[in-house]
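None of the figures in this text is laboratory data; all of them are computed from the coordinates on show. Please read these numbers as outputs of a predicted model, since none were measured by experiment. Positions of Cβ are backbone-derived with ideal geometry, glycine not excepted, and every protein chain shown enters the neighbour counts.
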Amino acid sequence: MRFKQAVVHGLTKAVDWKGRASRSEYWWFLLFCVLCYIPSIDLTVQLDSPVVAFVWLALIVPTLGVFVRRLHDRNRSGWWWFLGFVPFGPLC
């Protein structure tokens, strides 16, 4: 899957928690998110306004959708996403 296809597919299936996402779709969409965050951080600093918050809120649901579909492609449940919130003890 190419960059444009992955972005369009990720945004149109934003709330589709079923199905699968290929590795290329996941990584291209993640690259798109990073490319959106970089200018928004710059605008936040220059304009002293919360532009990053708006970009983050606009992309959080599509990013989670792609992530859950990627987990399905790996034969995992979407609930595995919550594993990231489990603390593994002190880091020191």
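For the stretch 67-80, in order, what is each residue's ³J(HN,Hα) by Karplus, 6.51 cos²θ - 1.76 cosθ + 1.60 with θ = phi - 60°, in whole Hz (x at glycine and Pro)?
Once θ is set to phi - 60°, the couplings for the stretch 67-80 become 5, 5, 5, 5, 4, 4, 5, 8, 6, 10, 6, x, 5, 4 Hz.
Grab the DSSP H runs of the chain that are 4 residues or longer, score each as -39,500 (n - 2.57), total them, divide by all residues and round the 222 nm result to the nearest 500 deg cm²/dmol.
-21500 deg cm²/dmol
Each residue of the stretch 29-46 in turn: what ³J(HN,Hα) in whole Hz from Karplus with 6.51, -1.76, 1.60 and θ = phi - 60°, glycine and Pro shown as x?
Once θ is set to phi - 60°, the couplings for the stretch 29-46 become 5, 5, 4, 4, 4, 5, 5, 7, 6, 4, x, 5, 5, 4, 5, 4, 5, 6 Hz.
Counting Lys and Arg as +1 and Asp and Glu as -1, what is the net charge of the other residues whose Cβ lies under 14 Å from the Cβ of F29?
Here the charged neighbours net out to +4.
Quick one: 3J(HN,Hα) in Hz for the stretch 56-64, Karplus 6.51/-1.76/1.60 with θ = phi - 60°, rounded, Gly and Pro as x.
So the J values, rounded to whole Hz, are 4, 5, 6, 9, 5, 5, x, 5, 5.
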